[in-house]
Structures are given as C-alpha cells and as structure tokens.
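Structure record follows, encoded as structure tokens.
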Amino acid sequence: MIRRKNSRSSTEVKVLAQHICMSVFKARRVIDQIRGRSYADTLMILELMPYRASYPILKLVYSAASNATHNLGLKKVNLFISQAEVNGGAIVKKLRPRARGRSYPIKRSTCHIKIVLKDRRKSFINL
C-alpha cells in the first residue's frame with residue numbers, strides 16, 4: 001500500500017504484511033532495532049541478525065524502498081524508517097491426535113507488520 005500525504009507533509013511510503021507466521025514478541029525484538037534508522041543501516045542490521053524474524057522484515061523494507069523509488073521517484077539513499085510496528089494477528093488453531101482418542105490443541109500465532117518509510121530531505125524541508 002502506497003500513500004502520498006499532503007504537500008505540507010513529507011512524502012511517505014507505507015507497507016503492511018499480514019498473517020506472518022511468527023510470534024509478535026519475536027518480531028518486535030527485531031523491529032525495535034531498526035526503528036528510526038536509515039535504509040542502508042537497516043539492510044545491514046537485518047542481514048546480520050541471527051533471528052528468523054529478520055527475513056520477512058528485510059523483504060518488507062526492501063519492497064517498500066522499491067515502491068518508493070519506482071512509484072514516487074525517491075532515492076533510496078535518503079529514506080529512513082519513520083514508523084515500524086508489529087500487531088497481533090489471528091491465531092491458527094489445530095488439533096493433534098494423542099493417545100486414547102484424545103486431542104491436544106496447537107496454537108500458531110500470526111502477526112501484522114507495518115513499516116513507514118519517509119524521505120529524510122523532504123521531511124526536513126517541510127518543517
């Protein structure tokens with residue numbers, strides 16, 4: 001999803017990934033490290049992090065930067081992450097068969113990841 005704000009506000013790109021199969025807490029651990037950083041720093045941090053949650057977030061940041069470049073004509077050098085949040089999604093519930101005809105519930109949590117990229121130069125000019 002790409003949204004252009006008013007001319008008074010800076011140009012920003014919003015991306016949203018829904019139903020990512022991982023815990024909210026594990027994704028927030030990675031998101032807290034990249035909030036407020038530049039695009040280049042974010043790519044370097046996410047590529048070197050040993051967590052499984054960093055790969056979907058890396059794909060999301062890379063996609064947002066590509067959308068900003070292609071659709072809005074912004075340069076990747078000037079982009080930074082102005083807002084990043086992780087919210088809980090639906091819980092997928094399954095039943096696993098156990099001994100004596102009983103069942104055991106399996107709960108797989110999902111999360112929604114939202115990232116907003118802004119152009120650093122345009123945000124300082126419009127202040």
Worksheet entry | Tally, over region 54-107, of residues that are assigned to a helix (DSSP H, G or I) and open to solvent by less than 100 Å² (accessible area, probe 1.4 Å) | 19
Response to the item:
Checked pairs for region 70-83, first under 11 Å from K122 (Cβ atoms) and without any contact (Cβ under 8 Å) to a residue 12 or more places away in the chain, second open to solvent by less than 80 Å² (accessible area, probe 1.4 Å) and of a type outside the set (S, T, N, Q), C-beta under 6 Å and 6 or more apart or across chains, list as none
Response to the item:
Across region 15-27, the tally of residues that are closer than 17 Å to M49 by Cβ and either of a type in the set (D, E) or open to solvent by 70 Å² or more (accessible area, probe 1.4 Å) (or both) stands at 2
Worksheet item: Among the residues of region 110-125, is there at least one that is surrounded by fewer than 16 Cβ atoms within 10 Å (Cβ to Cβ) and in a strand (DSSP E or B)?
Response: no
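Going by the conditions given, is V30 surrounded by 14 or more Cβ atoms within 10 Å (Cβ to Cβ), touching a Phe, Trp or Tyr at 6+ places or on another chain (Cβ under 8 Å) and modelled with pLDDT of 95 or more? Don't jump to the end; show me each part of the working.
Values: surrounded by 14 or more Cβ atoms within 10 Å (Cβ to Cβ): yes; touching a Phe, Trp or Tyr at 6+ places or on another chain (Cβ under 8 Å): yes; modelled with pLDDT of 95 or more: yes.
Spelling it out, V30 is indeed surrounded by 14 or more Cβ atoms within 10 Å (Cβ to Cβ), touching a Phe, Trp or Tyr at 6+ places or on another chain (Cβ under 8 Å) and modelled with pLDDT of 95 or more.
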Discussion item. Looking at region 14-29, I want the residues that are closer than 20 Å to A65 by Cα and have a partner that is assigned to a strand (DSSP E or B) and open to solvent by 30 Å² or more (accessible area, probe 1.4 Å) with Cβ atoms under 6 Å, at least 6 apart or on another chain. Which pairs are those?
Written reply: L16/K114; Q18/H112
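The values are calculated or read from the model by the stated rules, or taken from the named source; none is laboratory data. For clarity, every value in this text was computed on a predicted model and none was experimentally measured. Cβ atoms come from the backbone with ideal geometry, glycine included; neighbour counts cover every protein chain shown. Heavy atoms of the whole protein, side chains included, go into the accessibility calculation; ligands, DNA and RNA do not. Shrake-Rupley method; radii C 1.70, N 1.55, O 1.52, S 1.80 Å.
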